[in-house]
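Chemist: Supplied in structure tokens, the structure appears directly below.
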């Protein structure tokens, strides 16, 4: 347990010490929020959808958690190149504890990022409908963080160069985000699109977060939580297995 705590705390300290990383990681969510929120706000309103900022903000919060968490896996490659990973792996602790500590740290960093973006959305007009459901929203944020930190860790465990990781992440993450319903409603989609959207794990994170913050989820909150929890556990086990096979 001490190993998990130390690695968890190390991830958080590295994030908080890097002001440029914190500020830089806010640029993309703010750009999406302002460009899409105000750029398509009138179109969305005229189509009968209401306030687009209200609809969009939960998706942008999920996006910030997604990108921050998944790129936490890149630190495995850095640590491997600079020797820290080898020192960690030869320690008399299980690799599962090491992976779990890193994953919890990455998920916590992603959650902090999501909370910061949530606070920023308040300045552009977003308002949560039910304050009592905010803790549930935080739970969905943390689950999204664990899931995508596990995904990043699993992929980074099989790669040795930074360029390969970035290419794979861009190939996977952008479609996952754009097909999650973060930017558009899930109702009345073409059948093929509907199937793809339902396969996307982030769909349930975005829908759960949106249901917690503004109500009216496309699925039920219980269903969103169950699906996201199952896929998170599955990828946590997959990531643990692949991490255990790392050779240094």
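Chemist: Conditions: (1) assigned to a helix (DSSP H, G or I); (2) surrounded by 14 or more Cβ atoms within 10 Å (Cβ to Cβ). Residue 194 meets all but one. Number of the miss?
Modeler: Of everything listed in (1) assigned to a helix (DSSP H, G or I); (2) surrounded by 14 or more Cβ atoms within 10 Å (Cβ to Cβ), residue 194 misses just condition (2).
Chemist: Considering every residue within segment 52-59, establish whether at least one is under 26 Å from the mean Cα position of the chain (by Cα), under 18 Å from residue 107 (Cα atoms), crowded, with 23+ Cβ neighbours inside 10 Å and modelled with pLDDT of 85 or more.
Modeler: yes
Chemist: Right, something else. Can you go through 205, 137, 152 and tell me which one is assigned to a helix (DSSP H, G or I), touching a helix residue (DSSP H, G or I) at 6+ places or on another chain (Cβ under 6 Å), over 20 Å from residue 224 (Cα atoms) and in contact (Cβ under 8 Å) with a residue 12 or more places away in the chain?
Modeler: 152
So that you can scan it fast, the table gives a plain yes or no per residue for (1) at pLDDT below 85; (2) over 20 Å from residue 241 (Cα atoms); (3) part of a helix (DSSP H, G or I):
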| site | (1), (2), (3) |
| --- | --- |
| 91 | yes, no, no |
| 113 | no, yes, yes |
| 116 | no, yes, yes |
| 129 | no, yes, no |
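Chemist: Do you know which residues across segment 157-191 are under 20 Å from the mean Cα position of the chain (by Cα) and outside any helix (DSSP H, G or I)?
Modeler: Those that are under 20 Å from the mean Cα position of the chain (by Cα) and outside any helix (DSSP H, G or I): 157, 179, 180, 181, 182, 183, 184, 185, 186.
Chemist: Please state which one of 5, 15 is in contact with a helix residue (DSSP H, G or I) (Cβ under 8 Å, 6 or more places away or on another chain), in a helix (DSSP H, G or I), closer than 26 Å to residue 209 by Cβ and at pLDDT below 75. Break it down into steps so the answer makes sense when it comes.
Modeler: Details: 5 fails: closer than 26 Å to residue 209 by Cβ.
After applying the criteria, what remains is 15.
Chemist: Is it the case, given these coordinates, that residue 226 is under 30 Å from residue 121 (Cβ atoms) and in a helix (DSSP H, G or I)?
Modeler: So residue 226 fits the description; yes.
Chemist: Let me ask you something else. Give me the pairs, please: first residue somewhere in segment 230-241 and farther than 20 Å from residue 76 by Cβ, second residue anywhere and surrounded by 13 or more Cβ atoms within 10 Å (Cβ to Cβ), beta-carbon distance under 6 Å, and either six or more positions apart or on two chains.
Modeler: Listed pairs, sorted by first residue: 231/201.
The values are calculated or read from the model by the stated rules, or taken from the named source; none is laboratory data. Remember, predicted model here, so these are calculated numbers, not experimental data. Backbone-built Cβ (ideal geometry, glycine too); neighbour counts: all protein chains shown.
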